[in-house]
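J.: Let me give you the structure first, and then I'll get to my questions.
The values are calculated or read from the model by the stated rules, or taken from the named source; none is laboratory data. Given the structure is predicted, the values throughout are model-derived calculations rather than measurements. All Cβ positions, even for glycine, are placed from backbone atoms using ideal geometry, and neighbour counts span all protein chains on display.
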Amino acid sequence: MATSHILALFCATTGKNCEELGVDEEQIVLLVYLLYDVTNNKVVALQQHFVKPQPNEISETLLTEDCKTETGLEEEVIKNSQPLEHVLDEMDRFLSAKGVHPDHGGKSFTICADGQAHLRQCLHPECSKKNINLPKYMYKFYDLRKEFRKFYRTEATGIKSMLEHLGLKPDQSVEYGVHQCQEMASILHRMVTSGHSFGTAEMIKEHLEPGIW
């Protein structure tokens with residue numbers, strides 16, 4: 001059955017981001033998600049959450065210079081934010097409020113991310129380390145790059161290349177993570193308008209060896 005809603009999800013870590021996201025196994029400090037109504041082909045709502053990582057015994061600062069340069073995030077904002085478990089609970093409540101939570105009789109929804117790293121290299125490994133139980137909906141997702149390749153039969157190396165192929169302008173939002181989710185929404189809108197159907201989602205196995213998701 002085709003999904004009625006898609007949750008575009010984006011995260012950033014204290015270390016490497018962009019194409020190197022997850023390679024250094026650093027903690028998540030930003031989680032942004034956008035709910036997209038596939039049936040009516042429109043954005044429902046966007047949420048941005050700063051995430052407080054566990055203290056680092058080696059360094060007094062939470063954010064690396066790489067992170068600050070790439071994301072524009074500020075140390076003080078991250079220090080005063082909520083830990084990952086609280087942010088994920090907030091997301092769960094958001095899904096319930098929007099009528100798409102599977103455990104509360106909601107409409108069907110599936111997470112969508114730009115590539116594999118956000119879920120397989122960041123969210124799942126970190127939650128495993130911190131003994132955070134993830135809901136079932138976190139174990140399936142659409143890789144937007146794969147869906148794009150399948151439909152347009154062209155290479156997709158990231159959000160920028162997909163926008164360029166479609167002739168779409170980059171989003172002008174200032175906040176890192178927000179503009180990526182808005183851009184994913186623009187790509188989703190064009191794909192749905194052009195007739196793409198989001199079918200079977202990719203699965204993430206619950207129990208694998210450390211480092212393999």
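J.: Here are the criteria: (1) touching a residue at least 60 places away in the same chain (Cβ under 8 Å); (2) within 13 Å of the chain's Cα centre (by Cα). Tell me which single one ILE159 does not satisfy.
T.: ILE159 satisfies all of (1) touching a residue at least 60 places away in the same chain (Cβ under 8 Å); (2) within 13 Å of the chain's Cα centre (by Cα) except (1).
J.: Residues that are touching a helix residue (DSSP H, G or I) at 6+ places or on another chain (Cβ under 9 Å), at pLDDT 95 or above and buried (at least 19 other Cβ atoms within 10 Å of the Cβ): list the helices (runs of 4 or more DSSP H) wholly contained in the range 1-117 that include at least 1 such residues. Reasoning before the result, please.
T.: Values: elements: 65-71, 75-79, 84-97.
Helices (runs of 4 or more DSSP H) meeting the threshold: 84-97.
J.: Can you tell me which of (1) modelled with pLDDT of 95 or more; (2) under 22 Å from VAL44 (Cβ atoms); (3) of a type outside the set (Asp, Glu); (4) assigned to a helix (DSSP H, G or I) is the one TYR142 doesn't meet?
T.: Failed condition: (4).
J.: Same structure again: Would you check if GLN121 is assigned to a helix (DSSP H, G or I), touching a helix residue (DSSP H, G or I) at 6+ places or on another chain (Cβ under 7 Å) and either of a type in the set (Val, Ile, Thr) or touching a residue at least 40 places away in the same chain (Cβ under 8 Å) (or both)? If you could, list the steps in order and put the result at the bottom.
T.: Values: assigned to a helix (DSSP H, G or I): yes; touching a helix residue (DSSP H, G or I) at 6+ places or on another chain (Cβ under 7 Å): no; either of a type in the set (Val, Ile, Thr) or touching a residue at least 40 places away in the same chain (Cβ under 8 Å) (or both): yes.
No, not satisfied.
J.: Sticking with this one: Could you tell me which residue of the range 162-175 is surrounded by the most Cβ atoms within 10 Å (Cβ to Cβ), considering only residues that are without any contact (Cβ under 8 Å) to a residue 12 or more places away in the chain and farther than 20 Å from LEU31 by Cα?
T.: That would be GLU164.
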